[in-house]
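Just below is one structure, and these are the notes that go with it.
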Amino acid sequence: MDHTSFTEICLHQLKMSGVHEGEKVAVLTQGNERIDYADAFMAAGQRLGAKMYHMRLPAPLPTGGWAVGVNGLADMPEAVEALKKCDMLIDCLFLLFSPEQMAIQKAGTRVLTAVEPPELLARMLPSQELKEKVEVAGEILSKAKAMRITSPHGTDVTYQLNTYPTVTEYACTDEPGRWDHWPSGFVFTGGDDDGVNGTIVVAPGDILLPQSIYVREPITYTIEQGWITDIRGGLEAEIVKSYMASFNDERGFGMSHVGWGMNRNAEWHRMVPGEFPGGMGMEPRSFYGNVMFSTGPNNELGGKNDTACHLDIPMRNCSLFLDDTPIVIDGDIVDKEISIERR
Ligand code: FE
């Protein structure tokens, strides 16, 4: 994407995020990564009269893996203090799940993660409609006491919802202390620590992240009192088990966030070479009507499990009920308050 159009989409983003004259907005990058993002955001923010800063950290040492919650700010409390003083932080580094991000949000700084390729950011711009519908979905989810998910492949799992808050993601953020991720478009919460029971069958065509692969053979998870007690299937089940074992951390078998996707601009089929240049999977997480469950940490929601072993698994064709009220049926959102027309 050329510099001018990248600046234009960042301008749209900053307007949707309520950036205005006199606000202090910092862009965080590391090494040589996403310098162009910082330039585009700074040019856009200046046009809105904001005070723009770029904090660039040194390149990280090679670690050979995706360790959630570990980042270059961990040893730099002065840098964290500076970011706490901003109105908004644009995180082009990926602070998610880190204590540093939580501290920055707690200080009232709103945080937007932007790490996906510019082409994907452009395709999935935030919109007022998405924001409003996701906010309503968040209200509905936050009132529910139980979520049941079923599928034709044999999924039948129930999450008791008496503990954790609901989180909305609609790709922009204009409230103090609120975090969002561009692109996105979904809602989630977490089940009670001992309150998830049943079977989840990840079916052919469902997606494993961070592996970024489509499953070809079903993976059957058995979940008892909030913990995965069995994983069975073919090749992809073996990949999941091997990946999880590599963390050597039993807490990876806990249940993480669960919810559904709402973005009409996100397409299930696009996670293929050529259309998915270096993406980390926000499009497959967001496609309309997917039901996504996750395994591992729940500290993002305020829980105690901060394991680095985390999988997100968007599934097609599921049905999702909140206290027996149908929200998603066979992969389509049926609740009239939150459904969005196809364009
Ligand atoms: Fe996740």
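For region 306-322, which positions are more than 9 Å from residue 252 (Cβ to Cβ) and more than 10 Å from the ligand (Cβ to nearest atom)? Steps first, answer last, please.
Step one: filter region 306-322 for residues more than 9 Å from residue 252 (Cβ to Cβ), giving 306, 312-322.
Hits for region 306-322 are 306, 314, 315, 316, 317, 318, 319, 320, 321, 322.
For region 218-248, name all the residues that are part of a loop (DSSP other than H, G, I, E, B) and either within 16 Å of the ligand (Cβ to nearest atom) or aromatic (Phe, Trp, Tyr) (or both).
Within region 218-248, the subset part of a loop (DSSP other than H, G, I, E, B) is 218, 225-226, 234, 247-248.
Within region 218-248, 247 is the sole residue that qualifies.
Is it the case that residue 286 is within 16 Å of the ligand (Cβ to nearest atom) and touching a His at 6+ places or on another chain (Cβ under 7 Å)?
no
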Q. Just a yes or no: is a residue in region 323-330 within 16 Å of the ligand (Cβ to nearest atom) and at pLDDT 95 or above?
A. no
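Taking residue 207, is it more than 15 Å from the ligand (Cβ to nearest atom) and either in contact with a strand residue (DSSP E or B) (Cβ under 9 Å, 6 or more places away or on another chain) or within 12 Å of residue 313 (Cβ to Cβ) (or both)?
Values: more than 15 Å from the ligand (Cβ to nearest atom): no; either in contact with a strand residue (DSSP E or B) (Cβ under 9 Å, 6 or more places away or on another chain) or within 12 Å of residue 313 (Cβ to Cβ) (or both): yes.
Criteria not met by residue 207.
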Q. Which one of the conditions (1) in contact (Cβ under 8 Å) with a residue 40 or more places away in the chain; (2) surrounded by fewer than 17 Cβ atoms within 10 Å (Cβ to Cβ); (3) not in a helix (DSSP H, G or I) does residue 5 fail to meet, given that it meets all the rest?
A. (3)
Q) If you go through region 63-72 one residue at a time, do you hit one that is touching a Pro at 6+ places or on another chain (Cβ under 8 Å), in a loop (DSSP other than H, G, I, E, B) and either outside the structural domain of residue 38 (by TED's automatic domain parsing) or modelled with pLDDT of 95 or more (or both)? A) no
Q) So which residues in region 192-207 are in contact (Cβ under 8 Å) with a residue 24 or more places away in the chain, touching a Lys or Arg at 6+ places or on another chain (Cβ under 9 Å) and more than 12 Å from residue 229 (Cβ to Cβ), if there are any at all? A) 193, 203, 205, 206, 207
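Yes or no, residue by residue, for (1) crowded, with 20+ Cβ neighbours inside 10 Å; (2) on the phi > 0 side of the Ramachandran plot; (3) charged (D, E, K, R):
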{"residue": "26", "(1), (2), (3)": "yes, no, no"}
{"residue": "31", "(1), (2), (3)": "no, yes, no"}
{"residue": "41", "(1), (2), (3)": "yes, no, no"}
{"residue": "49", "(1), (2), (3)": "no, yes, no"}
{"residue": "57", "(1), (2), (3)": "no, no, no"}
{"residue": "61", "(1), (2), (3)": "no, no, no"}
**Q.** Number of the condition not met by residue 171 [criteria: (1) part of a strand (DSSP E or B); (2) surrounded by 18 or more Cβ atoms within 10 Å (Cβ to Cβ)]
**A.** (1)
**Q.** Residue count, region 286-307 (criterion: part of a loop (DSSP other than H, G, I, E, B), at negative phi and either out of contact with any helix residue (DSSP H, G or I) (no Cβ under 8 Å at 6 or more places or on another chain) or buried (at least 24 other Cβ atoms within 10 Å of the Cβ) (or both))
**A.** 6
Q: Scan (1) more than 13 Å from the ligand (Cβ to nearest atom); (2) modelled with pLDDT of 90 or more; (3) not in a helix (DSSP H, G or I) for the single condition residue 269 breaks and write down its number.
A: (3)
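Every residue, every condition in (1) within 16 Å of the ligand (Cβ to nearest atom); (2) of a type in the set (S, T, N, Q); (3) more than 18 Å from residue 205 (Cα to Cα), yes or no:
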{"position": "252", "(1), (2), (3)": "yes, no, yes"}
{"position": "256", "(1), (2), (3)": "yes, yes, yes"}
{"position": "260", "(1), (2), (3)": "yes, no, no"}
{"position": "264", "(1), (2), (3)": "no, no, yes"}
{"position": "273", "(1), (2), (3)": "no, no, no"}
{"position": "281", "(1), (2), (3)": "yes, no, no"}
Q: Could you list, in sequence order, all residues of region 22-33 that are under 21 Å from residue 87 (Cα atoms) and part of a loop (DSSP other than H, G, I, E, B)?
A: 22, 23
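Look through region 71-122, keep the residues that are basic (Lys, Arg) and out of contact with any helix residue (DSSP H, G or I) (no Cβ under 9 Å at 6 or more places or on another chain), and return whichever of them is nearest to residue 168 (Cα to Cα). Talk me through it step by step, then tell me what you get.
Step one: of region 71-122, the residues basic (Lys, Arg) are 84-85, 106, 110.
Pick out the ones that are also out of contact with any helix residue (DSSP H, G or I) (no Cβ under 9 Å at 6 or more places or on another chain) and you get 85, 110.
Working: 85: 24, 110: 14 Å.
Among those that are basic (Lys, Arg) and out of contact with any helix residue (DSSP H, G or I) (no Cβ under 9 Å at 6 or more places or on another chain), it is 110.
For a quick check of your reading: which helices (runs of 4 or more DSSP H) sit entirely within region 74-167 and have at least 1 residues that are at pLDDT 95 or above, of a type in the set (Val, Ile, Thr) and surrounded by 16 or more Cβ atoms within 10 Å (Cβ to Cβ)? Even if it seems obvious, please write down each step before you answer.
Values: elements: 77-84, 99-106, 118-123, 128-143.
Because the criterion is at least 1 residues that are at pLDDT 95 or above, of a type in the set (Val, Ile, Thr) and surrounded by 16 or more Cβ atoms within 10 Å (Cβ to Cβ), the helices (runs of 4 or more DSSP H) in region 74-167 that meet it are 77-84, 99-106, 128-143.
The values are calculated or read from the model by the stated rules, or taken from the named source; none is laboratory data. Here the structure is a predicted model, which means the values were calculated and not measured. Counting neighbours? That spans all protein chains shown, and the Cβs are built from the backbone with ideal geometry, glycine included.
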